[in-house]
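Worksheet: the structure to be examined is printed underneath.
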Amino acid sequence: MSHSIEEIAPGVACAHGKIVNFYYVGEPGGPWVLVDTGMPLGAPSIIRTAEERFGKDSRPEAIVLTHAHFDHVGAVRALAEHWDVPVYVHAMELPFVTGRADYPPFDPTVGGFFPALSRTFPEKGIDLGDRVRLLPGSGPVDIMPGWDIHHTPGHAPGHVSFFRASDGVLIVGDAFITMDTDSFRDTMTQKPEITRPPSYATCDWDAARDSVQRLASLRPKVVGTGHGRPLSGPTVADDLETLARTFHRPAHGRYVNQPARFDQNGVVSLPPAVPDPVPAIAAGVGAAALAGVAIAAVRRHQAEMDLEDEDE
Ligand SMILES: [Zn+2]
Ligand SMILES: [Zn+2]
């Protein structure tokens, strides 16, 4: 199977994975890059979709990561090896893709749907060895002509977003998202809503707010997020500005009042752990069951949305 893809702007296609999106950036017939890689086991579908879009045996110039959480790097190793291409990250994300560090523990105690599932999510870093290359800290990106990079930390220390000023297209990974993954119902229905980054994995809320404010000041016309449907239209910039103005952190949780701190080798310090009232085994079994239900429901919903799109 190939992924369902949605053209969100000229030369920018959003691929809808099961719960995470990634982006083919580049015009068919020309050079292109893949921004993020979705969940593990997705590589065959990503390759097939790429060949449908860019031609048989086509390969990108590079894979570019907004950040290296497990749901954005799942297929990265298989893809980088298949295509024999480099993988670009921000310097502050380097320790998590070179085997030097793991992410801080995710925080189920912020409460909500994905946070409950996060008890089973892996924080472990990966090691891509000498395939890794560094993105610039700001300004133009050589391998993505026409795009500027913006360092948007908070959700992850080396999180970056990409903006194409010529037509206002913004690819943001998880700096903000367009569905409320804290809500079971909104996740199931993928109700479109510009909202704060996924709460269980955001470990510096001041930085996350500052990042959203800087992205809002770009006044984007199209936004492509890691979770939720891409959005476009006259209200997008105002809706993002509203999020920036009313940005609120979760009511409680490990990182809410004190951030995790990082340097170029990984985690430097963590706030004290908050006791998790759910026993580990029960949490694991429950979360695995919930994840199965969620993935099936999201798949069904996406299939319905795709049918609707075809009807239009
Ligand atoms: Zn993330
Ligand atoms: Zn994510």
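A Cβ-based charge dipole, computed about the Cα centre of the range 74-125 with Lys and Arg at +1 and Asp and Glu at -1, lands at about 120 debye. Bridging of K191 to lysines at a Cα separation below 17 Å is possible for K18, once same-chain residues fewer than 8 apart are set aside.
Within the chain, DSSP assigns beta bridges of which about 70% are antiparallel (rounded to the nearest 5). For the residues S199, S118, S166, a GNM of the chain with alpha-carbon springs under 10 Å puts the largest fluctuation on S166.
Between the range 200-247 and the range 48-96, the C-alpha centres lie 24 angstrom from each other. Ranked from largest, the principal axis spans of the Cα set of the range 120-200 equal 41, 36, 18 Å. Full extension of the chain between D206 and H252 gives 15.1 nm of extra length, using 0.36 nm per residue less the Cα-Cα distance. Placing unit charges on the Cβ atoms only, positive for Lys and Arg and negative for Asp and Glu, gives the range 44-188 a dipole magnitude near 160 debye about its Cα centre. Springs between Cα atoms under 10 Å define the GNM used for the chain, and in it the highest mean-square fluctuation of K56, K18, K191 occurs at K56. For the chain, the percent of C-alpha pairs falling in each 20 Å distance bin, counted from 0 to the bin holding the largest distance, reads 35, 61, 4. With the convex hull drawn around the C-alpha atoms of the range 1-64, the volume per residue stands at 75 Å³. Treating r as the C-beta distance of E51 and A91 and R0 as 30 Å, the FRET efficiency rounds to 0.40.
Assuming charge only on the beta carbon of Lys and Arg (+1) and of Asp and Glu (-1), the dipole of the chain about its Cα centre is about 720 debye to the nearest 20.
FYI, it's all coordinate maths here, none of it is from the lab. On a predicted model such as this, the values are computed, not experimentally measured, just so you know. Cβ: placed from backbone, ideal geometry, glycine included. Neighbour counts: every protein chain shown.
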